[in-house]
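Student: Got a structure here, written out as structure tokens. Questions coming.
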Amino acid sequence: MDLLRFITAGSVDDGKSTLIGRLLYDSKSIMIDQLEAIERQSKNKDEGEIDLALLTDGLRAEREQGITIDVAYKYFSTPKRKFIIADAPGHIQYTRNMVTGASNADLAIILIDARNGVVEQTRRHSIITSLLNIPHIVVAINKMDLVDFSQDVYNNIVIDYAKVAQSLGLKNVTYIPLSALQGDNIVEKSDKLSWYEGPSLLHFLEEVEVQDTINLTEARFPVQYVIRPQTDALHDYRGYAGKIVSGVYKVGDAVTVQPAGIQSRIKAIEIAGKEVAEAFAPQSVVLHLEDNIDISRGDVIVNAAQPVKTAQELEVLLCWMDNKPLIPGNKYLLQINSRVVRSVVRNIEYKLDVNTLEKNEAPSQAVLNDVIKATIKTASPIPYDSYQALRANGGAILIDETSHVTVGACMIQ
Amino acid sequence: MSAYRLDYLDQLESEAIHILREVAGQFERPALLFSGGKDSITLVHLALKAFRPGKFPFPLVHIDTGHNFKEALDCRDQLAATLGEKLIVRNVGDTIKAKQLTEPKGKFASRNALQTYTLLDTIEEFKFDACIGGARRDEEKARAKERIFSVRDEFGQWDPKLQRPELWNTYNGRIHKGENVRVFPISNWTELDVWNYIRREKIELPSIYFSHDREVIEHEGQLVAVSEFIQLEASDKVLTKKVRYRTVGDMTCTAAVESKASNIDDIISEITATKTSERGETRIDDKVSEAAMEDRKKNGYF
Ligand SMILES: Nc1nc2c(ncn2[C@@H]2O[C@H](COP(=O)(O)OP(=O)(O)OP(=O)(O)O)[C@@H](O)[C@H]2O)c(=O)[nH]1
Ligand SMILES: [Mg+2]
């Protein structure tokens, strides 16, 4: 069985948490005791209404305020597929938590309140979805019950969103009208939306092709840890432990160790102690090379026929996630997979305007939730791929050296 | 192409191994918190896959409340011995004496909350900078919110409103002196995933996970084992029932499930069909308040 990781996004109160609650409820994935607990908590319990958003809004502060603050992860499966859901907050001040949830998603459901149409936060989350290169997007036009299930309302929102999708270059966009509260078009197709010809949300999630999200053509292996038992029996054992983030490795393959550029061949591949002839992403393995070379954590072993870029100056699209501003000239640690180097943000080229989606003149600093284009210089060379081409080796985080907090997400160009 | 497709259980396994190796690569003094329950036994199995033929880059650490099931303790000692890995045990009873803590009273007086003191002392004693745990996000609504690398301040506290962003599979384990990181490699596994994995990998579990005869009393619909740690009342009826455990915690706060399932296939069928969640069915301590888990975590609990 395969796995689909998806996120719900969109503006405050568009119904993201309710939608997930409804998906879990209607697919019978909620346990009795959990249901009883949210029934007790629901405000309108006397009218027999249960607030399905309480299923994911698990923090005390969230329940008190009726909003989502941080991502909640939920799990369910159908006979077709296993799902990992990230329920993101809609509030602008918690955008970085949405980024966290979105970064691993294969698919994003962007909710739109049918009464309000496309709003600023819809665009902001769409920008993030596009920056993170999430392969599939479902635009869920929600609360159709509040607009009499009107096809015109739906059509107008589709036209509006299509403009956003076009200017962001979003591919694979699917539109579904629904009511999370009442369950229309969630698991079963709804009679009230008979004019809509596509599948229900769950049906779509079960069928959408996701294998294409793993790159199997460029072989990349960041070394995490070197296994050297140094016992008598295993005196010469030296295994490079890590996860293949993309591509396929075969015994005998010519490889290059970057950033040093040293050549060797794969002598053996182990998975959990067993030797195998080949291995592929996203397997965790141990690689052995023909030659005894100095390799340590942070180095990347790539297939020599599929070279990686190596540079000390990176053009990045950057999502700033800290309350302190990003000041050009400041130094940060840059971490890409297991490699950490010191770096400095050289200059900001432009800032993306969330409303017009246009490139605005460069500000002197970037502040929380800004999306900017910038140049970063690193203290030593970084082996990388362009994020758009190879997500698994093109994303880096910036860490504040003094607070140790993750402050930026970089999509290397 | 289709030859290069990974089943979901293999994907989860690989993700967990990757996380364990990140701990090894990023921290100087990590530890694996080991209780003898199925989740931590699964973690140990994953660590074998991550680090053999090398040794574990961390000791196994057990915070022993003194109220554990004997079967779980035996399994713990036996596993550590067969693997030849270091096991550190610290007792909550010792902390209670040394710090003159007040033992909770009552029928099911549980040391669960006091465990946090011993855990924090142990972290300080060995200067652990990372503690790996077997918590899963599907267990509880506060856990559903937690990062894989979860930073705790010097008092062990979790601040759910100020979690670090955590992007892709890039984990930032940088901390200030005195802080530590709790790491959860099987965050994305469900209860059923763990059982399916145990079946597939033929992992050995303590016998209490399988159906056996046990003396129990009924308490608010739950079956609690008769032991020296709970106080029987005159009205309690001691019954002998065929039970198994779905989770293994303290004898005072873990309830048994009536079941004839004596092998793993039967257990998986029962869990697939069940209508009650793991903690809901077996934990007496979660019922205290709506946010019981969140509050305990804020105080340094796992
Ligand atoms: N009538 C109607 N109300 C809905 C629908 N979906 C959600 N709601 C209501 O909209 C309100 C907000 O829903 P939530 O699910 O909490 O919204 P959210 O998008 O998760 O909000 P944040 O996470 O805080 O951004 C609640 O009162 C829901 O009951 C719908 O389809 N129809
Ligand atoms: Mg919400």
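Student: Out of all the residues in segment A:140-159, which are in a helix (DSSP H, G or I) and either within 16 Å of ligand 1 (Cβ to nearest atom) or in contact (Cβ under 8 Å) with a residue 60 or more places away in the chain (or both)?
Tutor: A:M144, A:D145, A:L146, A:V147, A:V153, A:Y154, A:I157
Student: Given the condition within 17 Å of the chain's Cα centre (by Cα) and not in a helix (DSSP H, G or I), answer yes or no: does some residue in segment B:16-25 qualify?
Tutor: Within segment B:16-25 (the criterion being within 17 Å of the chain's Cα centre (by Cα) and not in a helix (DSSP H, G or I)), the answer is no, since none of the residues qualifies.
Student: Output the residue which, of all residues in segment A:68-96 that are assigned to a helix (DSSP H, G or I) and within 13 Å of ligand 1 (Cβ to nearest atom), is farthest from the other protein chains (Cβ to nearest Cβ).
Tutor: Ranking the candidates gives A:I92 first.
Student: Identify, by number, the condition in (1) outside any helix (DSSP H, G or I); (2) near ligand 1 (Cβ under 10 Å from one of its atoms); (3) modelled with pLDDT under 90 that A:G58 doesn't meet.
Tutor: (2)
Residue-wise test of (1) in contact (Cβ under 8 Å) with a residue 12 or more places away in the chain; (2) among the hydroxyl-bearing types (S, T, Y); (3) within 20 Å of B:L205 (Cα to Cα).
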site: B:E15; (1), (2), (3): yes, no, no
site: B:A24; (1), (2), (3): yes, no, no
site: B:K49; (1), (2), (3): yes, no, yes
site: B:Q100; (1), (2), (3): no, no, no
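For every residue, the table says whether it meets (1) away from ligand 2 (no atom under 16 Å from the Cβ); (2) out of contact with any Pro (no Cβ under 7 Å at 6 or more places or on another chain); (3) not assigned by TED's automatic domain parsing to the domain that holds A:H136; (4) not small (G, A, S).
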site	(1), (2), (3), (4)
A:D57	no, yes, no, yes
A:G66	no, yes, no, no
A:Y75	yes, yes, no, yes
A:I92	no, yes, no, yes
A:G101	no, yes, no, no
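Student: If I filter segment A:9-21 for residues that are more than 8 Å from chain B (Cβ to nearest Cβ), away from ligand 2 (no atom under 11 Å from the Cβ) and not polar (S, T, N, Q), do I get at least one hit?
Tutor: There is no residue in segment A:9-21 that is more than 8 Å from chain B (Cβ to nearest Cβ), away from ligand 2 (no atom under 11 Å from the Cβ) and not polar (S, T, N, Q).
Student: Just need a number here: residues in segment A:108-148 that are more than 21 Å from A:S179 (Cα to Cα), within 16 Å of ligand 2 (Cβ to nearest atom) and buried (at least 24 other Cβ atoms within 10 Å of the Cβ).
Tutor: 0
Student: Separate question: Filter segment A:274-283 down to residues that are surrounded by 15 or more Cβ atoms within 10 Å (Cβ to Cβ) and out of contact with any Leu (no Cβ under 9 Å at 6 or more places or on another chain) and give me whichever is nearest to the other protein chains (Cβ to nearest Cβ).
Tutor: A:E278
Student: Same structure, new question: Can you name the residue in segment A:115-139 that is part of a helix (DSSP H, G or I) and in contact with a Phe, Trp or Tyr (Cβ under 9 Å, 6 or more places away or on another chain) and, of all such residues, is nearest to ligand 1 (Cβ to nearest atom)? Let's see the steps before the verdict.
Tutor: Keep residues of segment A:115-139 that are part of a helix (DSSP H, G or I), which gives A:120-131.
Filter again for in contact with a Phe, Trp or Tyr (Cβ under 9 Å, 6 or more places away or on another chain), leaving A:122, A:126, A:131.
Working: A:T122: 11, A:S126: 15, A:L131: 20 Å.
Only one residue tops the list, namely A:T122.
Student: Here is a list of conditions, (1) touching a strand residue (DSSP E or B) at 6+ places or on another chain (Cβ under 7 Å); (2) within 14 Å of another protein chain (Cβ to nearest Cβ), and B:E154 meets all of them except one; can you say which number that is?
Tutor: (1)
Student: (1) under 21 Å from the mean Cα position of the chain (by Cα); (2) of a type outside the set (S, T, N, Q); (3) surrounded by fewer than 21 Cβ atoms within 10 Å (Cβ to Cβ); (4) more than 10 Å from ligand 2 (Cβ to nearest atom): which one isn't true of A:Y25, the others all being true?
Tutor: (1)
Student: I've got another one for you. Quick check: anything in segment B:158-170 hydroxyl-bearing (S, T, Y) and either free of Cβ contacts under 8 Å to residues at least 24 places away in the same chain or over 24 Å from B:V44 (Cα atoms) (or both)?
Tutor: Looking through segment B:158-170, at least one residue is hydroxyl-bearing (S, T, Y) and either free of Cβ contacts under 8 Å to residues at least 24 places away in the same chain or over 24 Å from B:V44 (Cα atoms) (or both).
Student: When the residues of segment B:174-187 are filtered to those that are facing chain A (nearest Cβ under 9 Å) and surrounded by fewer than 23 Cβ atoms within 10 Å (Cβ to Cβ), which remaining residue is nearest to A:Q224 (Cα to Cα)?
Tutor: Here the residue is B:R174.
Student: Just checking, how many residues over segment A:241-273 are within 9 Å of chain B (Cβ to nearest Cβ), of a type in the set (G, A, S) and assigned to a strand (DSSP E or B)?
Tutor: Final tally of qualifying residues: 2.
Student: So, of the residues in segment A:57-67 that are more than 7 Å from every other protein chain (Cβ to nearest Cβ) and at negative phi, which turns out to be surrounded by the fewest Cβ atoms within 10 Å (Cβ to Cβ)?
Tutor: Taking segment A:57-67 as the starting set, the residues that turn out to be more than 7 Å from every other protein chain (Cβ to nearest Cβ) are A:57, A:62-67.
Keeping just the survivors that are at negative phi gives A:57, A:62-65, A:67.
Values: A:D57: 30, A:E62: 23, A:R63: 18, A:E64: 9, A:Q65: 12, A:I67: 17.
Among them, the one singled out is A:E64.
Here is a yes/no grid of residues against (1) under 16 Å from A:Y196 (Cβ atoms); (2) more than 23 Å from the chain's Cα centre (by Cα); (3) among the acidic types (D, E):
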position: A:I128; (1), (2), (3): no, no, no
position: A:H136; (1), (2), (3): no, no, no
position: A:A140; (1), (2), (3): yes, no, no
position: A:A162; (1), (2), (3): no, no, no
position: A:L168; (1), (2), (3): no, no, no
position: A:K171; (1), (2), (3): no, no, no
position: A:T174; (1), (2), (3): yes, no, no
position: A:P177; (1), (2), (3): yes, yes, no
position: A:G183; (1), (2), (3): yes, yes, no
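Student: Condition (residue is touching a helix residue (DSSP H, G or I) at 6+ places or on another chain (Cβ under 9 Å) and within 13 Å of another protein chain (Cβ to nearest Cβ)) applied to segment A:200-212: is it met by at least one residue?
Tutor: yes
Student: Given the options A:G273, A:G247, name the one that is within 25 Å of the chain's Cα centre (by Cα) and among the small types (G, A, S). Let's see the steps before the verdict.
Tutor: On the way: A:G273 fails: within 25 Å of the chain's Cα centre (by Cα).
After applying the criteria, what remains is A:G247.
Student: Mind listing just one residue for me: the one in segment B:1-31 that is away from every other protein chain (no Cβ under 11 Å) and out of contact with any helix residue (DSSP H, G or I) (no Cβ under 6 Å at 6 or more places or on another chain) and, of those, nearest to B:E278 (Cα to Cα)?
Tutor: Residue satisfying both the conditions and the ranking: B:A31.
The values are calculated or read from the model by the stated rules, or taken from the named source; none is laboratory data. Please read all numbers here as calculations on a predicted model, not as lab measurements. For neighbour counting, all protein chains shown are included, and Cβ atoms are generated from backbone atoms with ideal geometry for every residue, glycine included.
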